Amino acid sequence: MEFQWWQILLLTLYAGYQIWDELHIYSSAGSAVFAGFFTGLVMGDVTTGLIIGGGMQLTILGVGTFGGASRIDANSGSVLATAFSIAIDMDPQQAIAVLAVPVAALMIQLDVLARFANTFFAHRVDTNIENHNYKGIERNFLLGNLSWTLSRALPVFLALVFGSGVVEAVVDVLNNQLAWLGNGLTVAGAVLPAVGFAILLRYLPVKKHFPYLILGFIITVLFSTLFSNVQVLGTGVASVVEDLGATFNGLPMLTIALIGFALAAISFKNNNAKPQQQPVNNANQVDADMEGEIEDDEI
């Protein structure tokens, strides 16, 4: 399957926009799961996009940047992995290990290059400040997005235009001559989200809130089993009763999310509740105030 020109155009434009959204707008359109969703929508397979984007989102779940630090570009990795996975019918888990993670790691170098190139516009802003050139400040501030945009859009564009043959050849080798390696990479792709959870739990106050961790795990298992069985039961009943108009949809994650929100709200209210002032007993207060005072006859 060859990429259509409009698919390359939309994915390239999104690749350039997503870093701008991540730095300025914060609408979650610059997240790995959205990158997978959007790419899957453009390529015609949203399910594969969500699997790859969600897997990459979980992989970087506990990874953060502080100051000017760079991290792996999971968004660009999700875009390319989803596009090639759908185009050549590649296993999503294998695509995460073979394409998404290596691309995301390589994009660190381009992130550093974008930060380095952006200092040119920063120095011009400093000069405009000294000269009180306010239009120049605004113009160079906006031009600073150019290096960021090109650092993501250009690699994605080149990979989509010239990389399909290379990726298809690599996947063919992994699925035939090196099938054992391809299977291992598929397993590694499925395990990577667990690494993200491990990093997250390493830095979260788990010891302080371990009851919530245990409760969340139990609720997830219970409701997943309950809704799965209800859905199977409803499907069986619907196949027997033709006039059955009810629909049975599994909603375990929505239920779990609402329960988690309720528990978080309760914890937030308890932690931020103002301590109530206890009524003061005047007699006891007087005794407490007089305690320790020296009487005249004790001098």
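The values are calculated or read from the model by the stated rules, or taken from the named source; none is laboratory data. Given the structure is predicted, the values throughout are model-derived calculations rather than measurements. Cβ: placed from backbone, ideal geometry, glycine included. Neighbour counts: every protein chain shown.
General remarks:
- Residue match in the range 65-80 (condition: under 18 Å from W148 (Cβ atoms), in contact (Cβ under 8 Å) with a residue 60 or more places away in the chain and of a type in the set (V, I, T)): yes
- Contact map, the range 205-220: first residue under 15 Å from F261 (Cα atoms), second residue not in a helix (DSSP H, G or I), Cβ cut-off under 7 Å, separation 6 or more or different chains; pairs are L213/V206.
- Residue-level analysis places S76 outside the set of residues that are within 22 Å of W20 (Cα to Cα), outside any helix (DSSP H, G or I) and not aromatic (F, W, Y).
- Taken as a whole, the condition of being of a type in the set (K, R), surrounded by fewer than 18 Cβ atoms within 10 Å (Cβ to Cβ) and out of contact with any Phe, Trp or Tyr (no Cβ under 7 Å at 6 or more places or on another chain) applies to R115.
- Any hit, the range 163-177, residues being within 18 Å of L11 (Cβ to Cβ) and crowded, with 20+ Cβ neighbours inside 10 Å: yes
- Boolean, Q94 is at pLDDT below 90 and crowded, with 18+ Cβ neighbours inside 10 Å: yes
- The criterion of at least 1 residues that are free of Cβ contacts under 8 Å to residues at least 40 places away in the same chain, assigned by TED's automatic domain parsing to the domain that holds L58 and under 21 Å from the mean Cα position of the chain (by Cα) is met, among helices (runs of 4 or more DSSP H) falling completely within the range 92-175, by 101-130.
- Hey, T47 of a type in the set (S, T, Y), without any contact (Cβ under 8 Å) to a residue 24 or more places away in the chain and either at positive phi or part of a helix (DSSP H, G or I) (or both) or not: yes
- Any hit, the range 183-190, residues being without any contact (Cβ under 8 Å) to a residue 12 or more places away in the chain and either loosely packed, with under 13 Cβ neighbours inside 10 Å or touching a strand residue (DSSP E or B) at 6+ places or on another chain (Cβ under 7 Å) (or both): no
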